[in-house]
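Have a look at the structure below, then the notes.
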Amino acid sequence: MFRKRKFAEEEVVEETTTETTETEESTPDSMEQFINLLVDMGLSAEQAEAVHTMAMELVDVSGGETITEEVKEETKVEASRQGRERRQSPRREFSRRGVEGRRERFSRDEEPTRGRRVLSEQRSERTSPTQRLEVQLRRQRREMAEMRKQLIELGAQPATRGLSNAPQRREVSGHIPTPSAEGSIQDRVNAMLKNVR
Amino acid sequence: MNNRYNSLPSRSSRRQFSNNPQGLAGTYAGVLSTPFIAPALKTADTLVKGYVRQIDGISYKAVLSATSIADDVIQAGGASACAFSDGDSVTLSESILTLTDLKVNEELCRATMLNSWQQQLGPRNSADWSSPEYRNFVMGQVAAKTAQGVENAIWKGSSVFANGFLSSNGTFGTTGFNASSLANATTQAIAAMTASNVLQQIGLVYNKAATAKSAILSKPDLKFFVSNKTAALYRQAIATAGGGIAFDTAGLASGVAESNTGQGYNNMVTNQAFTTLNFLGIQIAECPGMFDDAIVLAQSENLVVGSNMGTDYTQASYIQTYLYDGSDNVRVTMRFGLGTVAGIATDVIVGKSF
């Protein structure tokens, strides 16, 4: 039992570390970084700004929901932990007899509860609109970097592709069969339609 | 498990009713229509033999850029020419290929098609009206006729396709030619052709190229484009020609028919087959859609035929109207776009008889 609780405390410590790191990353010039990243990928400054504006709009429209869900999930996990410990406490009471043992038990149980309060306060601070946007931006930046790596690995670099001087001409999708030049037109047509199902 | 709940006895479900009417998925749009649109758009002689340049996937217009560089592109250099001096030798031009939307709407009676269909199947096969093979047969009949129409349209134009190479209205005259894709081509007057004078008429066009556009004569894809009739006259002429009588300087200058009876090409007179026709090293492309008394001398790259095949704008339908209106008919529809343009029209020599 003690081991399990200790494990739970370790998890909490890890989460706190991650959040601290994320807070350090959130600098006021995240917009400039984002734009610089897009410019590095080959976009012009104006295009990068336009992309950033679109991203911000997207975040405004749908960003908050994701965060809320995550917070809810975390709250659920904490609630289950609490429930688990509450369920365990009567057993402990029965297993160990004596008033002193009970006092020790209660004093131990209070410590993680305090830690959870601190954590929940931190999370409520994090869910302010500005921080939510920053978290969302960091996530998008990471995703873009990953996608960029994947594209480079595949040999496709869309930013380096030249603009078409005939935008109304589209890429021909699908295979266009090449007819044989032999025979009459009807023969060629029949040959092309022979295996069409 | 399905058989357990099937109301039909298992024996009857084993039988395959060949004429059992079933609905086929009949509408094919976008890339799915390609198998049915391609036979209609790609099997015309001029296209299938690669006589012209073909561009697919155009939704409405395509811009063809052309670069011409003047001979004076190289300038004097050295210490006295350190400054930049624009030679102004490179000229960019462009031509625009615009598609015309076209459609095919045909209603066919199955009874009319029965004999042809049975013969194609053979005696040991049942004629299943609702099979994909029958659908392909019907679509194929319409597609072949459409392909012939495409061949004529790209050269002659028509009332619905005012975009032919040589005419906009199906008639080889001043009005149609002036509104055609080759309206700005270099022209050469020729006479109505016969077996006696066909060599001279082709020679006149060649002579025009030599004097006015000699640069194109060294291009590997340069071709004479002629009709079936002109090609046939040319075969007759070379089969009976003899030793320089038919083609000489006097004939070129005057275009007057001369006596050309002789032993013919290879001294075999008419006892030979001409698989490919040439005139002084230039291939003669036989295009059934060409006007009879017309000769076009051009590079294949310079004559462009465009279509919207491969885009979302094509559609082919096979509609089994007999399923719901009591008739014995099926309907075939196709929708596609077609257009022609000359990359650099002035580099084309057109011999015309009007």
*asked:* Just to verify a number: FRET efficiency for residue B:67 and residue B:278, C-beta to C-beta distance, R0 = 22 Å, to 0.05?
replied: 0.15
*Tabulate in residue order the Karplus-calculated ³J(HN,Hα) for segment B:211-218, using 6.51 cos²θ - 1.76 cosθ + 1.60 with θ = phi - 60°, rounded to whole Hz; enter x for Gly and Pro.*
8, 9, 9, 5, 4, 6, 5, 8
*Around residue B:329, with a cut-off of 13 angstrom between Cβ atoms, what is the net charge of the other residues, counting Lys and Arg +1 and Asp and Glu -1?*
-2
*asked:* Could you tell me the relative contact order of chain B? Use alpha-carbon pairs under 8 Å, at least six residues apart, and round to a whole percent.
replied: 29 percent
*Please list, in chain and number order, the residues 5+ apart from residue B:225 or on another chain whose amide H is under 5 Å from its amide H, with Hs placed from the backbone.*
B:285, B:296, B:297, B:298
*Near the amide H of residue B:28, under 5 Å away, which other amide H atoms are found, from residues 5 or more places off or on another chain, if H is placed in the peptide plane?*
B:316, B:317, B:318
_Is the C-alpha gyration tensor of segment B:268-345 telling us rounded, prolate or oblate? Criteria: a/c under 1.5 is rounded; beyond that, a/b larger than b/c is prolate, otherwise oblate._
oblate
*Any idea what angle helix B:228-240 forms with the longest principal axis of chain B, computed on alpha-carbon atoms, 0 to 90 degrees, nearest 10?*
50 degrees
_How would segment B:139-251 be classified by its alpha-carbon gyration tensor: rounded, prolate or oblate, with rounded meaning a/c under 1.5 and the a/b versus b/c comparison settling the rest?_
prolate
*Nitroxide proxy distance, nm - points 7 Å out along Cα→Cβ at residue B:103 and residue B:119*: 3.3 nm
_Projected label distance in nm at residue B:312 and residue B:94, using a 7 Å step from Cα toward the beta-carbon_ = 2.4 nm
*Roughly what would the spin-label model give for residue A:147 and residue A:44, points 7 Å off Cα along C-beta, in nm?*
2.2 nm
*Tell me which residues come under 5 Å, amide H to amide H, from residue B:54 once H is placed; ignore anything under 5 positions away on its chain.*
B:305
_3J(HN,Hα) from dihedral phi, segment B:175-190, Karplus parametrisation 6.51/-1.76/1.60, rounded to Hz, x for glycine, proline_ = 4, x, 5, 5, 9, 8, 5, 9, 4, 9, 6, 6, 10, 9, 6, 10
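No value in this document is a laboratory result; all are computed from the given coordinates. Keep in mind the model is a prediction, meaning the values are calculated, not measured. FYI the Cβ positions are ideal-geometry reconstructions off the backbone, even for glycines, and counts take in every protein chain you see.
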